[in-house]
Each structure stands twice: as structure tokens, then as C-alpha cells.
Amino acid sequence: QKEVEQDPGPLSVPEGAIVSLNCTYSNSAFQYFMWYRQYSRKGPELLMYTYSSGNKEDGRFTAQVDKSSKYISLFIRDSQPSDSATYLCAMRGSGATNKLIFGTGTLLAVQP
Amino acid sequence: DVKVTQSSRYLVKRTGEKVFLECVQDMDHENMFWYRQDPGLGLRLIYFSYDVKMKEKGDIPEGYSVSREKKERFSLILESASTNQTSMYLCASSTSGNGNTIYFGEGSWLTVV
């Protein structure tokens, strides 16, 4: 079993839709949770960063962490064609030497 | 903004060639990383470095080596390239400490023929 599971998609939605992207994980020691966005043939860019459980909002993006269920989500409101990309979840435990563990990514296509 | 620069975006090399992938970061980060990314397999850590001249094996170090002679520069070396090393290679850097996040370069697409 992988430490981090992420549905690869592809996920296709119409412009303006609310998008929900999810990851589950098995390691209860994970404390730091991130979402990266990766456009085609580009490197991943950090989108959202949260520590422990709770919600974090940044514009149209909301990141949720439910540590009791070992489940994290990224919501995109009013999705735009420019949101079309692969979204990678990533997480790590505390301690400077803990490695960042990535999901395999979900490919999102927002249709105009 | 953090800038991680990979000097070669697209390379085509022959089987058996020695390949150097160079990466430079401009934010004085202690940690640097090399990943490869393949469809369906996601990001896999090859090597990382916590300090100059320090290196640690990641999950898939076989067939690779690294060099970190200066803090800002981290090189990935394929001693004898093989076709199964055709991939996208991503360099990344981060500060040390609990709350660090990783910043990636644009990636280097390597094709070995």
C-alpha cells in the first residue's frame, strides 16, 4: 500500500464548477500538507500549505486536512480553464530530515 | 521569489553516455533534491543533500550519482545512460527546519536513445 493515494483522474469539469481534489494517507505522523500545481512540461509550483488539521483559504482555493480520517482535500471555486493542470498532494512528518511524500497527481481539465 | 534553475530543459543522449544535469538555486537554501517524474509513478526521490559535500540516497539512487561542491549548485550525474532513464528530472530546494517547503525547477526532459 502506498503511503499517499491520489486518484489520477483525469477529471473534466465545465468552467465555473467547484472542483474537489483528494488524497488519503496512511502515516499518522504526517503533520505538514501541501498542494502543488503542475502545468504540462513545467515543474510543480507550491499552491497551498497547511500544518496539522483544519482549513486554509487563499482566493478561490481552499485546503482541508482531516487528520482523524487521514484525508486531505483541495477545493477550487469558480474553476477557470487556466486551472487545467495536474495537482499533486504532498505531506511530511515533523523533523528536518523527514522526506516529503507525494501523491501521483490528479489531472484536471476545465472546459470553457 | 525562490528561483531554482535547471540549465538544460531538453536533452537527447545516447545509451552509455555520461550525462550531467545542473541545478542552481538563488535563495541560500540548505537542502537540495533530485527527483524523477514518470507517468503513473509520480515523483521519486533520487538523491538529496543537506549541506555542501553531503549527500543522501533517496528511493531510487541506482545508476545515478550527485555532486554538491557549492551551496547553490547540485548536479545529477548519469554515469552510463540507459533507455530506462528516459524521464523528466526535477531539481528542488528548501530551507532546513520543520516547516520547510520544497520549491522546484522547471524540469529537464531527458531522452536516452
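The values are calculated or read from the model by the stated rules, or taken from the named source; none is laboratory data. In this text the structure is predicted, and so the values were computed from the model without any measurement. Note: ideal-geometry Cβ built from the backbone for every residue, glycine included; neighbour counts use all protein chains shown. For the accessible areas, the whole protein counts, side chains as well, though only heavy atoms, and no ligand, DNA or RNA atoms are used. Shrake-Rupley method; radii C 1.70, N 1.55, O 1.52, S 1.80 Å.
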Problem - Inter-chain Cβ neighbour average for residues B:24-35, partner chain, 10 Å - result: 1
Exercise for the section: Calculate one ³J(HN,Hα) per residue across segment A:11-25 by plugging θ = phi - 60° into the Karplus curve 6.51 cos²θ - 1.76 cosθ + 1.60, and present them in order as whole Hz with x for glycine and proline. Expected result: 10, 10, 9, x, 3, x, 6, 8, 10, 10, 10, 9, 9, 10, 9
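Over chain B, give the accessible area per residue in Å² for a 1.4 Å probe, as an integer.
On the way: 5420 Å² over 113 residues.
So chain B comes to 48 Å² accessible per residue, rounded to a whole number.
On the accessible surface of chain B, probed at 1.4 Å, how many percent belong to carbon and sulfur atoms?
Working: 2710 of 5420 Å².
Result for chain B: 50 percent of the exposed heavy-atom area is carbon or sulfur.
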Problem - For A:G103, net neighbour charge (Lys/Arg +1, Asp/Glu -1) across residues whose Cβ lies under 12 Å away - result: -2
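Given a Förster radius of 22 Å and the C-beta distance between A:Q111 and A:E57 as r, what FRET efficiency does 1/(1 + (r/R0)^6) yield to the nearest 0.05?
Numbers: r = 25 Å, r/R0 = 1.14.
That pair, A:Q111 with A:E57, gives E of 0.30.
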Fill in the blank from the handout: Counting Lys and Arg as +1 and Asp and Glu as -1 over every other residue whose Cβ sits under 13 Å from the Cβ of A:A85, the net charge comes to +1
Handout entry: Test item: A:40-49 mean partner chain Cβ contacts at 10 Å
Key = 5
Handout entry: Kirkwood Rh and Cα Rg combined as Rg/Rh, segment A:4-111
Key = 0.96
Practice task
Would you mind checking segment B:24-45 for residues with the amide N under 15 Å from a putative spin-label position 7 Å along Cα→C-beta of B:L11?
Solution key: B:24, B:34-37
Problem - Order by protection proxy (mean Cβ within 10 Å, highest first), peptides B:59-69, A:80-90 - result: A:80-90, B:59-69
Exercise for the section: Quote the total accessible area buried by chains A and B together, excluding ligands, DNA and RNA, probe 1.4 Å, nearest 100 Å². Expected result: 1800 Å²
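Using only atoms on other chains, find how many Cβ atoms lie within 10 Å of each Cβ of peptide A:82-94 and report the average.
1
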Exercise for the section: Quick one, can you get me the convex hull of the C-alpha atoms of segment B:4-112 expressed as volume per residue in Å³? Expected result: 92 Å³
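Report, to the nearest whole %, how much of the accessible area of chain A belongs to carbon and sulfur atoms, 1.4 Å probe, protein only.
Values: 2520 of 5200 Å².
With neighbouring chains kept in place, the figure for chain A is 48 percent.
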Exercise for the section: In whole angstrom, note down how far apart the Cα centers of segment A:50-112 and segment B:1-36 are. Expected result: 26 Å
Completion exercise
With R₀ set to 35 angstrom, the calculated FRET efficiency between the beta-carbons of B:F20 and A:R77, to the nearest 0.05, is 0.20
Practice task
Take the Cα of B:S96, step 7 Å along the line toward its Cβ, and report every residue of segment B:27-58 whose backbone nitrogen sits under 17 Å from that point.
Solution key: B:27-33, B:48-57
